[in-house]
Every structure is written in structure tokens, then in C-alpha cells.
Ligand code: ASP
């Protein structure tokens, strides 16, 4: 066994890089890793790329046969403490020195702090494409600057969030992870206990605890909270994820929105040095910066669904959906309950590239596909709509005029319900896919000399006026979802307050009532969501029993009802999906990039190999047996 009284670094590579002349010919100690195989030029000359813990690079070389021999024998990812002299370096033609600048370290002592494993050495070939690392070696993948930077950025964003909340006297309070099974929306993870038959559930969010804290008399609560949902996983979902969670008492929706706007502006500025944008109300194709004291614009649910076909529209694009039902003489496209026929035109798309039909419609798409027409010539312009199931007596010339349709365009047609519960609608999805396929077309621009690329444009808005309740969605038949209008669900969660003007609808026409809910949407991503809450226990009870028909609500939610009925002030709050927000700030397409140890699509942690089997003997302690 070796005692590692290692020589601690005196400087970082960055220190030297920032002030090369003052370091020339000075002795320094660096700590870090060998980055790739050392290049053996001759028996007397070797160069090795060296990376420190900041992800900066330099080159090591040596004088003297002893030390050269050690350097030659090093393997990628060996971890070292190296002492040596900073030397100015001649740039050699074609030398690959990994970004190292005009200096190198002439090493006179090498302490090998730990040899790298065989696998780390093998994986060296993936260094240039670290995203391809086998997920079971996540801890090695995280050594690379791109991942180091992602997690550093995440840490900085959390720090900014905390300082904004602290500056407003919010109190950071941790709430339990061993919670109780309650129907809040998503499927839960259960935790067995040794008290047989009794289970905890991991919280989907700290929602109920934070509301109880409002009953406790806290004015402002926040927490960077772990949440757990046993749902189908996608690139923007993990079974465990993090929220920036907050709640305010004696507060209305506006009060929460002000805090969140301040928070978001601070994070965007602190991390990306960028503002957030909104659509210029005077010029639809343009964007304006949202000023420091300005609110994010609000968009109604119905307007979002009809114009953009989704409740979280990406407003960077000027693509709109238009209602064209009137040109179809009142005939629905296929089904009478999906009575609105609508169109989306991709102006000049055929001149931009040659899109195939498949470009727009993903395979295995269970919802109905829109009808897509390429208008290649005058003949097609005059006849395209005839191919629709109800197209026989459409007045095509009027329709073309309404749509401004010309040769060279692509037009998509589909249908929706008069009040759409489907989000996205088929054309909403078509619009999203078109934006991906034609990233530089139909873009909103920023007025002024330096129009940022779409990567640097973040358009923010509040989505409001959601229906408080939705019919239960059943099977999808022929691409059309079936709805059970007699069985209602909360559109968000059951604690959402009704809009005051719709209060009286709760009794007789709950489906018509709007919720005092607000979603924070940036570039088509739901970054956060919140609401004013029901703080009146009687109303909450009425919602549980009369509307949602939750029979055993006193057992499931008794704690909350008791807290509400004990002098709980009006309150409102919101939670931001922290992982999602970080991946957006990073410009990454998956939240896995900003999660240290993410789960795979099947919910497996590939590093520790979990979930794992538990021996029957242990299971018996919990009163559990597994059917084989
Ligand atoms: N608890 C909610 C959620 O997780 C957010 C909120 O309403 O504050 O979506």
C-alpha cells in the first residue's frame, strides 16, 4: 500500500494561461489527468496532454531519461501531481495539443496518484464524442469539460435562484421525502415499511406540504426539491427530477408571477447574459426584449390552441394555424365532434428544400395524421382540397385566397374539437415538426443590427385561462381520442383555485370553469406551472367529493383539509422544472446532460445497476412476496 502524501497543486492551468510571461521559467505543481496517450516522438522526447480539474489543458514534456521514461509509460486518465518549470513553447506543425497555448510544463517530478483502469484507457477513443460514452461509466464521462460545465452551470443557476429568494425574505424549508400515497395526478413510487401493509409514497412534488406551511404562517417558502413520478420516460423526463418550488401566502397569481419573472430574468442574465423576449405587439414578425420592470405577456389557453395548436407554443416562429371550417360548408372532416377544420401553410417550403411527406409525420404516430399537400403547380393549386374526405364541394379558390396559398407552398389540413382538450392538436404537432425541419424559416426576428440566432432567442409567456377540469381521456380510435364527459379530472392538480368570475359555474357547469392557473412557457417548453390555491376547506372538499368523485378524500387529504380550515391564508405558488430549465439554458436536447446520474429510458440507473432484486428473506421483513 502506498501512502499518498501528494504534492498539492500550486497553480491551475488557467492561472498560468492568464499570465504566461510572469510564469515563464517558474516552478509550479499541477494536479490533473493525462489526456490521451502520450506522443512518443523518440526515446528522449515525449509529449503528453494534461487536463486539470477546471477542464483546461497543457502539454507535459520532460528532460532527462528517467522522467521521460515515466512520462512515456503513462496511460490516458492516469491521475498525477506533476512538478516542473513553465517553458515557452514552439508551435509545431500539425501538433495536436488539445488547445494548450504557448507554454508547456517541463516536468522534473511525477507522482502517480492513481492509475486509471483498463476501461478508462479504452474509452479514451471516445474523448472527442463524450456523449457516446457507455452510460455505466457516467462518472468517467463527467470528467469531460462539456459535462463539468453543464453541472457547474446548474449549480450557478441554483445559486442565483437562492439569492433571488433570499433577497425577498423567502425561507428555504425542506419537506419530507417519505410522504403518503395521494392521487395528485401522476403515478407514484411506493416505499414499503416493516409495518406490514403500510407504505410511504415519494412525493410527486412538495405541493401539499408547502400548502400546509402556508397554514403555518410562512409568508414565502422555497425549496430546490426532489420530486418523483413513475411515468413513461422521454428525453425531457426523469423518474426523479428537481423543481424550484415556491409558495406565497396572502398572495394572488400576480404576486407569484412577479417573483418568478424576476427569478427568470436573473437566471437568464447570470447564466447566458441574455434577455427574454416577447412578440412585438405592433409587428407580428418581430420580437422585443422584455424590460426589467415588464411583465411577461399572457396568452389564453383557447388562443394558444387555436393559433398554435398547443398549450405551450414556441413563439419564435410566425407559423399560424387558421380556422377554415367555413369553406367546407359546415361539413366536418371526418367526425362531427371534431367539427373545426383548420389549416397550416408553410409558405414557399418547396423552394427551401425537397421535403417528403414522411418529413412531417413521424412513424408509429397513433393520432390522426394531418392531410399534407405540396402545391407544385397551378393544377394542384386549383384541385388540392378535392382529395380531402369532405372535399367535394369546397370552394378552393376562396380557400386559397383566405390562406394566401401559392405554388411552392405546403398546406396541412386537420380537425379539432370546438373546445380542444387535445394538446398538441394534429396541426400543433405539424407546426412543431415544421419548425424542426425548417429551423431558419418563418422565424421572428429581433429588430436592430444584431439579430441573434434562434439558439440565443428565448421567448417567454404565461399561459392562462386553462379549463379547471377536463374530461377523462379514454381510448384513441382511428386517431381520435375518446372523452368521458361525465368523469372529470383536474387539468392541473386538485388544489387549483377557480377563476373568481367562474366561481358559480363550479356547481352546475364545472367544465366551463377556468382555473386560476398559469404555466410559464419559454420556446415551446413548459418551464414551470403554478396556481392560486383553494384555501377554503369547504370548497376543496366540494371539489374532491362532488366534482372529482374521490370517495375516500377524508382519509387521503384529511391533513390538508384540517390545515386549510385552521386559519390558512389565501396563497398561491409555482414550481419550475429545474432540470428542464437548465438543459434549455445549455442548449441541450436532453435533461440527462444536466443531471449527474440520470436514469435510462427504462428507469434504470446504469451506474449502480438499480432497480435491483431483493432477497426473499429481506422482502419478508416488509410482508412482501414477489410473484415469480
Ligand atoms: N406542484 C405543482 C407541480 O409539481 C406546481 C405548483 O402548482 O406549484 O406541477
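Values as computed for the structure displayed
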| quantity | calculated |
| --- | --- |
| Residue satisfying all of: in segment 493-503; crowded, with 18+ Cβ neighbours inside 10 Å and in a loop (DSSP other than H, G, I, E, B); farthest from the ligand (Cβ to nearest atom) among these | 499 |
| Residue 525, sole failed condition from (1) surrounded by fewer than 18 Cβ atoms within 10 Å (Cβ to Cβ); (2) within 16 Å of the ligand (Cβ to nearest atom); (3) more than 30 Å from residue 285 (Cα to Cα) | (3) |
| Residue check for residue 545: away from the ligand (no atom under 16 Å from the Cβ), modelled with pLDDT of 95 or more, surrounded by fewer than 16 Cβ atoms within 10 Å (Cβ to Cβ) and more than 32 Å from the chain's Cα centre (by Cα) | yes |
| Residue in segment 348-360 that is under 15 Å from residue 413 (Cα atoms) and at pLDDT below 95 present | yes |
| Enumeration of residues in segment 209-220 that are buried (at least 22 other Cβ atoms within 10 Å of the Cβ) and touching a residue at least 60 places away in the same chain (Cβ under 8 Å) | 210, 211, 214 |
| Complete set of residues in segment 299-328 that are touching a helix residue (DSSP H, G or I) at 6+ places or on another chain (Cβ under 7 Å) and either free of Cβ contacts under 8 Å to residues at least 24 places away in the same chain or more than 24 Å from residue 410 (Cβ to Cβ) (or both) | 311, 323 |
| Total residues in segment 123-161, condition more than 15 Å from residue 596 (Cα to Cα) and surrounded by fewer than 15 Cβ atoms within 10 Å (Cβ to Cβ) | 5 |
| Selection within segment 415-432 - surrounded by 17 or more Cβ atoms within 10 Å (Cβ to Cβ) and either over 24 Å from the mean Cα position of the chain (by Cα) or in a helix (DSSP H, G or I) (or both) | 415, 416, 417, 420, 426, 427, 428, 429, 430, 431, 432 |
| Subset of segment 289-298 (residues that are out of contact with any helix residue (DSSP H, G or I) (no Cβ under 7 Å at 6 or more places or on another chain) and either buried (at least 17 other Cβ atoms within 10 Å of the Cβ) or under 15 Å from residue 319 (Cα atoms) (or both)) | 290 |
| Some residue of segment 217-226 being out of contact with any helix residue (DSSP H, G or I) (no Cβ under 8 Å at 6 or more places or on another chain), under 21 Å from residue 191 (Cβ atoms) and either more than 11 Å from the ligand (Cβ to nearest atom) or in a loop (DSSP other than H, G, I, E, B) (or both) | yes |
| Residues located in segment 186-214, provided they are part of a loop (DSSP other than H, G, I, E, B) and within 16 Å of the ligand (Cβ to nearest atom) | 186, 187, 188, 189, 202, 203, 204, 205, 206 |
| Residues of segment 227-261 classified as in contact (Cβ under 8 Å) with a residue 12 or more places away in the chain and either surrounded by 23 or more Cβ atoms within 10 Å (Cβ to Cβ) or outside any loop (DSSP other than H, G, I, E, B) (or both), total | 21 |
| Tally, over segment 590-613, of residues that are in contact (Cβ under 8 Å) with a residue 60 or more places away in the chain and within 25 Å of residue 245 (Cβ to Cβ) | 11 |
| Segment 436-453, residues that are over 12 Å from residue 319 (Cβ atoms) and surrounded by 17 or more Cβ atoms within 10 Å (Cβ to Cβ) | 446 |
| Test: residue 563 is surrounded by 14 or more Cβ atoms within 10 Å (Cβ to Cβ), under 23 Å from residue 222 (Cβ atoms) and in contact with a strand residue (DSSP E or B) (Cβ under 8 Å, 6 or more places away or on another chain) | no |
| Unique match (being away from the ligand (no atom under 12 Å from the Cβ), outside any loop (DSSP other than H, G, I, E, B), touching a strand residue (DSSP E or B) at 6+ places or on another chain (Cβ under 9 Å) and within 27 Å of residue 576 (Cα to Cα)) among 488, 506, 520 | 488 |
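Quick grid of which residues meet (1) at pLDDT 95 or above; (2) farther than 13 Å from residue 320 by Cα:
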site	(1), (2)
398	yes, yes
403	yes, no
411	yes, no
415	yes, yes
421	yes, yes
427	yes, no
436	no, yes
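The values are calculated or read from the model by the stated rules, or taken from the named source; none is laboratory data. None of these values were measured; they are calculated from a predicted model. Cβ coordinates were reconstructed from backbone atoms using ideal geometry, including for glycine residues, and neighbour counts include every protein chain displayed.
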